[in-house]
Amino acid sequence: MGRHKGCDTTRWTVPVADLERMPIEVKPRIVILYGSQKGQAQSIAEGIAEEAEEHGRLAELSCLNQKEKYNLEKENSPVVFIVSTTGDGEPPDNALQFVKHIKKKTLSSEHYKHLHYALLALGDTNYENFCNCGKTIERRLQELGAQQFYATGYADDGTGLELVVDPWLEGLWKAVKATLTNMASDWSMDKTIPDSLIPHVELNRLSLTDQSPNLDLKCASPGSASVEGVRLTAPPAETQTTDAGLSDAPSLSHSVPPLSDLSLNVPSLPPPFLDVSLQELDMVDEIFGPLNSETLNLVPISRAVCLTTGESVKTAILLELDITTHPMLTYQPGDSFDVFCPNRAPEVKQLLQRLGLEDKKNHLVQVSLLKNTKKKGAQVPSYIPQNISLLYLFTWCLEIRSVPKKAFLRALAEHTADSVQKRRLQELCSKQGTADYNQFVRETSLCVLELLDAFPSCLPPLNLFIELLPKLQPRPYSAASSCLQHPGKLNFVFSVIEFPARSGRPAGRQGLCTGWLFDLVSPLLVHQGKHELQHCGSVPLIHASLRPNRSFRLPPDTSVPVVMVGPGTGVAPFIGFLQQREKERQQNPDAVFGETWLFFGCRYRDQDYLFREELEGFVSSGTLDHLMVCFSRDNQKEEAIVSERPPKYVQHNMLRHSHKIINILIRQNACLYVCGDAKNMARDVNDTLVEMIMSELQVDQLEAMKQLASLREEKRYLQDIWG
């Protein structure tokens, strides 16, 4: 027997003739496929692959777009799908081709009759098409004859993915075991053994010295599952001392009973998989901005206008980009584009100081795979380029503002010296501490730097950040102009987001991209209606790329009526719509144009009525037939003047015109567009539409919802919304 070197476990290659004379460990395969836009589905899939070994399974992990790595047409092992949804119910980019493939009408109803699958779908109920990608895949798999061996999970990022993900993972392995048993029984009856049941012989040595000192070796309580990792007991009472006055109220860094007294089920420790080192060089080529790509453009900002006044409203700014020399940014009204912004320099500096690496900020970062890593499918992240400095890594590659996931907290606990702080991190990532995690980490949008400040004895290694922090994502914005009206220009609007001080955040902060843009354009910022002075300084530049939205477009038939709902900065794409229609009317005076409605809302008529002059100009020119505006904070003043209570929000204004709106939607095939906040406005508008259909068509709620669903399927009810 030959022994392979360089492994954490000892493995022997056993001659086939010896198999009958010794016990063997048979490890059937499972296939894990994921589609992920921002990395959450991928992270869960990787976690399942890593846990497979503990459950006596061999996992094969692949992204759905890696067609060369799997073959569902011939797959006899159980398949687990982990898929997220992006945009307006669209598949992630790396699942798009797979979804297109299974949607082919040429596939027969028995195409996947041999396939046994389970599916976990990730979504956000703040968006209307919740888990749409997962639902689409599941529907097609069943239509093609696939057999489900475990109930589908629908995880909601709006309330916390872990509320569904954790129990779904808890029951997965039992379901896998049951289906493998059933499949093996079927195969034995058929006398045909597939390759997936051919034994893989492994004899592993178990060393008790590898056990965590906090591991409770007693039997877990009934109902607990080994998939969650180890069970931890609370530190001795004398280590639970706290400052006076804190004992009754939990906080980010402080726990109270009953949580502080419980044994914990914490996730398994993510296995390290990257070898990261720093190399001192005399000179490192400094790179400004994200790495070049074919779709990236460095665009000058030619104009910046503040559209709001007063401190009681969010600051909204209109930016005009000069795209004259950028053909890749040719857009249509309704399209969006991505702005690539860096992490804030002061935060990067503070983080490097916190890690004791500030004096090495210009060192070269060298990243490679860790030898003998236990992580399935481990690879160096594609967004970590070669030959970059540590400063560049934290400025342009990693999302240091992202809310730390439980896996990150679990890893941090291993590098925390103080026992009380370590226990608290373990609580926050445990099943028992889910409520505290949501309250003090997730709902407060806590970032890594703020978390580390709350746990001063925690000193994590550099590889942890590259392994567990997601890629720095671009921020999307809707085009607020039309190339027909303003050739060579691209306008967009943004509100400066403010995160107030709260538990775990001693000082407030601005949104990453909106705060950066505000600082960038402050020297040339003018207020609406004021004379614009010639800017003499250097023109600010931003990195941008086009993000076409092929559905959120004006109907090609100009006679189709259009209803637009866009409060606040949600009005932005409709400015582009109306500019386009105005120019089309001028160019085609004999053409027939359908009725146009715009429902706009803001707080105060005199402070944040965005694009007021331009909107009233559209009414005067006949481009906009009905401009319906409401002011949520001006109502009290107006109630003293008028007898009827004025509408507060856009949905209240829609109810007032219910008869006309439903008439043109249902009987004149109008298109309805909604843009703005997903969490409140978009949901309220959807509920109002159901109410309007029920009232006008005299149908029940179910039928009204079906009518609305039909509008979606016909691409006549379209949303461009954000969380």
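The values are calculated or read from the model by the stated rules, or taken from the named source; none is laboratory data. Just so you know, these numbers come straight off a predicted model, no measurement behind them. Because the Cβ atoms are built from the backbone with ideal geometry, glycine has one as well, and the counts that use them run over all protein chains shown. Heavy atoms of the whole protein, side chains included, go into the accessibility calculation; ligands, DNA and RNA do not. Shrake-Rupley method; radii C 1.70, N 1.55, O 1.52, S 1.80 Å.
At 0.36 nm per residue, minus the direct Cα-Cα distance, what do Ser632 and Leu459 gain on full extension? Give it in nm, one decimal, please.
Gain in length upon complete extension: 57.5 nm.
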* Asked: What shape does region 537-677 take by its C-alpha gyration tensor, where a ≥ b ≥ c are the square roots of the eigenvalues and a/c under 1.5 counts as rounded, a/b above b/c as prolate, and the rest as oblate?
  -> oblate
* region 426-473 to region 52-124: how many Å between their Cα centroids? -> 31 Å
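For Ser312 and Arg550, FRET efficiency with R0 = 35 Å and r from the beta-carbon atoms, rounded to 0.05?
0.35
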* Taking amide H positions as placed 1.01 Å from N in the peptide plane, with prolines and chain starts having none, which residues 5 or more places from Ser481, or on another chain, fall under 5 Å of its amide H? -> Asn491, Gly576
* Asked: If amide H atoms are built 1.01 Å from N in the plane of the peptide, which residues on other chains or at least 5 residues away come under 5 Å of the amide H of Asp275?
  -> Ser368, Leu369, Leu370
* Is the shape of region 304-419 best called rounded, prolate or oblate, per the rule: a/c under 1.5 gives rounded, else a/b larger than b/c gives prolate, else oblate, with a ≥ b ≥ c the square roots of the Cα gyration tensor eigenvalues? -> prolate
* Asked: Label points 7 Å out from Cα along the Cβ direction at Asn387 and Leu370: separation in nm?
  -> 2.9 nm
* Asked: Cα gyration tensor of region 409-508, axes a ≥ b ≥ c as square roots of the eigenvalues: rounded (a/c below 1.5), prolate (a/b > b/c) or oblate?
  -> prolate
* To do: At 1.4 Å probe size, with every protein chain present, just tell me what the per residue accessible area of region 26-154 comes to in Å².
  => 41 Å²
* Asked: What does the accessible area per residue of region 343-489 come to in Å², with a 1.4 Å probe and no ligands, DNA or RNA counted?
  -> 39 Å²
* If you stretched the chain out fully between Gln379 and Glu443, how much longer would it get, using 0.36 nm times the residue separation minus the C-alpha to C-alpha distance? -> 19.9 nm
* Structure fact -> Sequence order, region 579-588: Karplus ³J(HN,Hα) from phi using 6.51 cos²θ - 1.76 cosθ + 1.60, θ = phi - 60°, Hz rounded, Gly and Pro as x, gives 4, 5, 5, 4, 5, 5, 5, 5, 7, 10
* Heavy-atom accessible area order for Trp597, Trp396, largest first, 1.4 Å probe -> Trp396, Trp597
* Run the 1.4 Å probe and let me know the accessible area of Thr181, rounded to the nearest 10 Å². => 80 Å²
* Highest-first arrangement of 585-593, 695-703, 148-156, where packing means the average Cβ count within 10 Å -> 148-156, 695-703, 585-593
* To do: Keeping the other protein chains in place, figure out the carbon and sulfur percent of the accessible area of region 469-588, with a 1.4 Å probe.
  => 54 percent
* Could you look at region 605-723 and say what percent of its accessible area is carbon and sulfur, using a 1.4 Å probe and all protein chains? => 45 percent
* Asked: To the nearest 10 square angstrom, what accessible area does Trp516 show with a 1.4 Å probe?
  -> 40 Å²
* Structure fact -> Taking R0 as 41 Å and r as the Cβ-Cβ distance between Leu281 and Glu614, the FRET efficiency 1/(1 + (r/R0)^6), rounded to the nearest 0.05, comes to 0.15
* Asked: So, in Å, what gap is there between the alpha-carbon centers of region 322-398 and region 669-723?
  -> 39 Å
* What FRET efficiency do you get for Leu163 and Met705 if R0 is 25 Å and r is their Cβ-Cβ distance, rounded to the nearest 0.05? -> 0.50
* Structure fact -> Residues whose built amide H sits under 5 Å from the amide H of Arg303, excluding neighbours closer than 5 in sequence, are Glu320
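Given a cut-off of 21 Å, name the pairs among Lys489/Lys583; Lys38/Lys74; Lys103/Lys715; Lys361/Lys471 whose C-alpha atoms lie farther apart than that in the structure shown. Kindly include the intermediate steps, with their values, before the conclusion.
Working: Lys489/Lys583 15 Å; Lys38/Lys74 30 Å; Lys103/Lys715 18 Å; Lys361/Lys471 19 Å.
Among Lys489/Lys583; Lys38/Lys74; Lys103/Lys715; Lys361/Lys471, the Cα-Cα distance tops 21 Å for Lys38/Lys74.
In what sequence, largest accessible area first, do Ser620, Ser481 appear using a 1.4 Å probe?
Output order, biggest surface exposure first: Ser620, Ser481.
For each pair in Lys27/Lys174; Lys67/Lys375; Lys374/Lys431, compute the distance between the two Cα atoms and list the pairs where it is over 18 Å.
Numbers: Lys27/Lys174 15 Å; Lys67/Lys375 21 Å; Lys374/Lys431 24 Å.
Listed pairs above 18 Å: Lys67/Lys375; Lys374/Lys431.
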* Take the solvent-accessible surface of the protein heavy atoms, probe 1.4 Å, and return the percent of it on region 360-461 that carbon and sulfur atoms account for. => 49 percent
